[in-house]
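The structure under discussion appears below in the form of structure tokens.
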Amino acid sequence: MAPTEPVHDARVLSVARSHRLAGAVVAVCCVAAVTVYGELSPQALVAVGLTGLLAAGYGVTIRAGEAAPPIGRRGAVWLFWLAAAGAWELVTLAHDGLPTVSDLADPVLAHPAARCAAALGWVAVGAWLVSRPRDPREPG
């Protein structure tokens, strides 16, 4: 008897595709709410908060029960950038004359189309971080 392909592979791919589609729909709805209502409106803040909760919940449920892989030297670069950004924001809080990152981004994000593109990019990067594949060298 010849070996056959498992039947469930097509369903797994279909589920992954449907999860991506659902994520894209949620992201577009979030970006639309921010674009229509403005970035600091209560409606936009609720839309962004719910989108973040859905993405975080999805990421947690997908990897429930797994141990976190060791970060290694790759984490040092991210830690440096996080510390630099945090230090910059703390310094700008202490000195009124220095612009915050938000102040620096305002001229670029003043147009609704640019704000929409930036929000879509932000959500897409977040979705990629949550759903990126595991390291192929790791078993399991």
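Observations, loosely collected:
- Residue check, ALA16 within 23 Å of TRP128 (Cα to Cα), modelled with pLDDT under 80 and open to solvent by less than 90 Å² (accessible area, probe 1.4 Å): yes
- Enumeration of residues in the stretch 77-116 that are within 23 Å of GLY52 (Cα to Cα) and either touching a helix residue (DSSP H, G or I) at 6+ places or on another chain (Cβ under 9 Å) or β-branched (Val, Ile, Thr) (or both): ALA85, GLU89, VAL101, ALA105, LEU109, PRO112, ALA113, ARG115, CYS116
- Taking every residue in the stretch 74-97 that is open to solvent by less than 60 Å² (accessible area, probe 1.4 Å) and pairing it with any residue that is in a helix (DSSP H, G or I), at least 6 positions away or on another chain, the pairs with Cβ-Cβ distances below 8 Å are ALA85/VAL101.
The values are calculated or read from the model by the stated rules, or taken from the named source; none is laboratory data. Quick caveat: nothing in here was measured; it's all calculated off a predicted structure. FYI the Cβ positions are ideal-geometry reconstructions off the backbone, even for glycines, and counts take in every protein chain you see. Quick note on the areas: whole protein, heavy atoms, side chains included, nothing else; ligands and nucleic acids left out. Shrake-Rupley method; radii C 1.70, N 1.55, O 1.52, S 1.80 Å.
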